[in-house]
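Notes for the one structure printed next.
The values are calculated or read from the model by the stated rules, or taken from the named source; none is laboratory data. In this text the structure is predicted, and so the values were computed from the model without any measurement. Because the Cβ atoms are built from the backbone with ideal geometry, glycine has one as well, and the counts that use them run over all protein chains shown. Note: accessible area is taken over every heavy atom of the protein model, side chains too, but ligands, DNA and RNA are not part of it. Shrake-Rupley method; radii C 1.70, N 1.55, O 1.52, S 1.80 Å.
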Amino acid sequence: MNFWDISVKLLDGFGITCLLFILTLVFSLPLGLIISFGSMSKFKPLSWLCRTVVWIIRGTPLMLQLFVVFYVPGMLFGVRLFTGDDGRFLAALVAFVINYACYFSEIFRGGIESIPKGQYEAAQVLGMTARETFFTVIMMQVVKRILAPISNEVITLVKDTSLARVIAVGEIFFVNEMDFLSRGLVWPLFYIAVFFLVFVGVLTLLFGWCEKKLSYYKV
Amino acid sequence: MAYLEIRNLKKQFGNTRVLHGIDFSMEKGEVVAVIGSSGGGKTTFLRCLNFLEMANEGTIDFADGFRFDAAKTYKSKEIREMRLKMGLVFQSFNLFPQYTALENVYIPLFLRSKERIKASLPFGKERRAAIKAAGDGDMQRAEALLQEVGLADKMGNYPCQLSGGQQQRVAIARALAQDPAVLCFDEPTSALDPELTGEVLRVISELKNKGRTMLVVTHEMEFARNVADRVIFFADGLIEEEGTPEQIFCSPKSPKTASFLKH
Ligand SMILES: Nc1ncnc2c1ncn2[C@@H]1O[C@H](COP(=O)(O)OP(=O)(O)O)[C@@H](O)[C@H]1O
Ligand SMILES: [Mg+2]
């Protein structure tokens with residue numbers, strides 16, 4: 001196997017890694033916002049439920065959650081929800097979305113709760129609706145406050161995608177591991193590291209740019 | 001019939017009774033200073049008038065014939081409409097930090113214009129044109145108001161780029177934008193360095209000369225004495241004494257007032 005062959009294989013796996021990463025973000029960010037609203041709800045059973053779910057998801061390993069999502073429906077109900085390569089990918093996606101939504105929800109909750117009461121009250125006395133208050137006054141202030149913790153989570157997600165291999169999703173490790181190990185090749189492992197480093201590097205630049213964009217005001 | 005009339009206003013938090021039945025009225029164009037030691041319920045009183053707290057008992061009659069009655073329940077839309085009859089300037093300014101001074105005044109104003117237009121016109125070209133025209137008008141109004149409080153050259157500044165006194169003046173312009181019947185101030189200069197209180201108090205006096213009806217909670221006795229038409233002294237959730245500044249400051253009747261003013 002030459003450099004070219006390995007590059008093609010790695011890129012192939014990396015495509016799945018990227019897809020898993022992007023889809024996880026697309027679904028877990030809004031879901032996280034919904035869960036954070038649930039946790040802050042004045043309706044106690046709802047907030048209790050949301051906080052319990054968050055506690056369970058954050059308190060157990062992601063790897064375990066992958067197994068549970070993938071195997072448990074079949075073991076308990078005899079239905080195989082996730083079959084084939086697409087099914088494995090979907091199972092991984094579901095597990096990642098739930099897991100990350102819970103982490104994000106706590107970041108959102110912290111951000112929203114850190115906005116001083118005076119901001120809400122100022123909006124209220126000016127006749128704004130709850131919706132207007134959230135979208136025109138609160139949201140951008142929350143975004144600014146949570147950008148750093150969110151970027152941390154997002155970078156962790158890049159690397160967590162490699163956990164999907166435990167249910168045989170063809171991400172970058174899974175497609176290549178056997179090959180390299182059986183042939184005793186070491187350098188492709190470092191090559192994989194380069195993929196991750198570049199990916200994380202790009203994200204770091206992106207978040208740095210966002211932070212700069214939002215630095216036009218101080219709180 | 002007074003311009004604003006409050007009868008038997010009561011408020012308690014849990015078992016803590018804070019307002020014990022306030023009777024109070026104002027005439028149009030009047031400036032009333034509220035003084036009293038801390039914890040007396042002055043802030044709670046203003047918050048009830050602005051419906052940030054809901055009074056437990058009592059009524060508030062507005063000049064337009066509208067009556068708020070604590071015994072009734074109101075929809076959130078009605079509460080929002082009631083809030084617009086009053087304005088409130090906070091001790092801590094509470095400007096929106098991500099918006100410029102001009103946007104702070106303009107955005108809340110424009111949101112209400114937009115809501116009114118949406119309620120009266122069906123979706124379509126006509127509505128869009130009306131919203132655009134309202135936006136232009138609101139922008140001009142916001143600029144004029146900032147000019148009025150002496151900030152013509154700071155319109156594009158963010159709150160973090162303004163001094164406390166300037167921020168409070170933006171907050172005053174913002175509260176004035178929707179032309180409230182009564183503008184309330186909760187210790188508008190207490191968070192300011194002493195050298196910055198003057199510019200804010202000056203703006204309030206100018207507003208008085210333009211005929212604004214204002215209710216000002218303050219610790220600035222000089223201001224209360226010189227600018228207010230009437231002074232009310234708040235103690236333990238009741239209006240202990242009220243009168244002209246001369247009456248209150250020179251010959252207080254209540255021993256509580258006298259003792260407060262000695263300090
Ligand atoms: N949200 C609240 N919950 C419970 N007690 C409150 C609340 N707001 C005010 N109080 C109490 O009401 C009393 C009057 O407070 P306040 O209206 O702030 O007085 P002032 O503005 O004259 O200093 C204080 O004893 C305060 O502790
Ligand atoms: Mg107070």
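Just a few scattered comments:
- Relative contact order of the stretch A:3-217, taken over Cα pairs closer than 8 Å and 6 or more residues apart, is 30 percent.
- Taking the Cα centre of the stretch A:98-174 as reference, the dipole from Cβ charges on Lys and Arg (+1) and Asp and Glu (-1) amounts to some 60 debye.
- Once the Cα atoms are used to define both axes, helix A:172-183 deviates from the longest principal axis of chain A by about 30 degrees.
- Helix-derived mean residue ellipticity, 222 nm - over chain A, DSSP H n ≥ 4, -39500 (n - 2.57), to 500: -27000 deg cm²/dmol
- Sequence-distant lysines (8 or more away, or on other chains) whose Cα lies within less than 16 Å of B:Lys77: B:Lys85, B:Lys114, B:Lys118
- Most fluctuating residue given options A:Gly78, A:Gly87, A:Gly13, as computed from a GNM of chain A linking Cα atoms under 10 Å: A:Gly78
- Mean per-residue shielding of peptide A:135-147 is 2, counting Cβ atoms of other chains within 10 Å of each Cβ.
- When the Cα atoms of chain A are aligned to their principal axes, the ranges along those axes come out at 70, 48, 23 Å in descending order.
- Of the beta bridges in chain B, as assigned by DSSP with both residues counted there, near 55 percent are antiparallel.
- Protein heavy-atom accessible area occluded, A/B pair - total, 1.4 Å probe, Å²: 2000
- Sparsely packed loop sites in the stretch A:1-86 (the chymotrypsin sites (Phe, Trp or Tyr not before Pro) outside DSSP H, G, I, E and B with at most 14 other Cβ atoms within 10 Å) comprise A:Phe43.
- Taking amide H atoms as placed 1.01 Å from N in the peptide plane, the amide H of B:Asn157 lies under 5 Å from those of B:Ala101, B:Leu102, each 5 or more residues away in sequence or on another chain.
- Eligible lysines near B:Lys10 by straight Cα distance, threshold 19 Å, same-chain separation 8 or greater: B:Lys42, B:Lys72
- Here's the picture: charge each Lys and Arg Cβ at +1 and each Asp and Glu Cβ at -1 in chain B, and of B:Ala130, B:Ala175, B:Leu111 the one pushed furthest to the positive end of that dipole is B:Ala130.
- With a 10 Å cut-off around each Cβ of B:79-87, the average count of Cβ atoms from other chains is 3.
- Given charges at Cβ of Lys, Arg, Asp, Glu: the stretch A:3-217 dipole, positive-most of A:Phe174, A:Phe135, A:Leu20: A:Phe135
- Pair-distance profile P(r), taking every C-alpha pair of the protein assembly as shown, with 20 angstrom steps and integer %: 19, 40, 26, 13, 2, 0
- Rounded to the nearest whole Hz, the Karplus-based 3J(HN,Hα) values (6.51 cos²θ - 1.76 cosθ + 1.60, θ = phi - 60°) of the stretch A:123-138 follow the sequence 5, 4, 5, 8, x, 6, 7, 4, 5, 4, 4, 5, 7, 8, 10, 7, with x at glycine and proline.
- Taken about its Cα centre, the protein assembly as shown carries a charge dipole of roughly 820 debye when the Cβ of each Lys and Arg holds +1 and the Cβ of each Asp and Glu holds -1.
- Cα-based shape type of chain B, given that a ≥ b ≥ c are square roots of the gyration tensor eigenvalues and the cut on a/c is 1.5: oblate
- Using the Karplus relation 6.51 cos²θ - 1.76 cosθ + 1.60 with θ = phi - 60°, the per-residue 3J(HN,Hα) values for the stretch B:40-51 come to x, x, 5, 4, 4, 4, 5, 5, 5, 5, 9, 6 Hz, with x marking Gly and Pro.
- Whole-percent carbon and sulfur share, accessible surface of the protein assembly as shown, 1.4 Å: 60
- Rounded to two decimals, the Cα radius of gyration of the stretch B:49-103 over 2.2 N^0.38 Å is 1.39.
- Given +1 at the Cβ of Lys and Arg, -1 at the Cβ of Asp and Glu and no other charges, the dipole of the stretch A:3-217 around its Cα centre is 640 debye to the nearest 20.
- What the phi angles of the stretch B:208-225 give under the Karplus curve with 6.51, -1.76 and 1.60, with θ = phi - 60°, is a coupling list of 4, 5, 8, x, 5, 8, 9, 10, 10, 7, 8, 9, 7, 5, 4, 5, 4, 5 Hz, glycine and proline written as x.
- Once the 1.4 Å probe is applied to the protein heavy atoms, the protein assembly as shown comes out at 49 Å² accessible per residue.
- Long-range HN-HN contacts of B:Leu4 with modeled amide H, under 5 Å: B:Met26
- Chain B: most fluctuating residue of B:Gln168, B:Gln91, B:Gln140 per GNM, C-alpha cutoff 10 Å: B:Gln140
- Interchain or long-range residues, amide H under 5 Å from B:Val216's placed H: B:Val32, B:Ala33, B:Val34, B:Phe185
- Reduction of at least 20 Å² in accessible surface, 1.4 Å probe, comparing all protein chains with the chain by itself, residues of the stretch A:104-129: A:Gly118, A:Gln119, A:Glu121, A:Ala122, A:Gln124, A:Val125, A:Leu126, A:Gly127, A:Met128, A:Thr129
- In the protein assembly as shown, a dipole from Cβ-located charges (positive for Lys and Arg, negative for Asp and Glu) runs towards its positive end, and of B:Met221, B:Ala235, A:Leu203 it is A:Leu203 whose Cα lies farthest in that direction.
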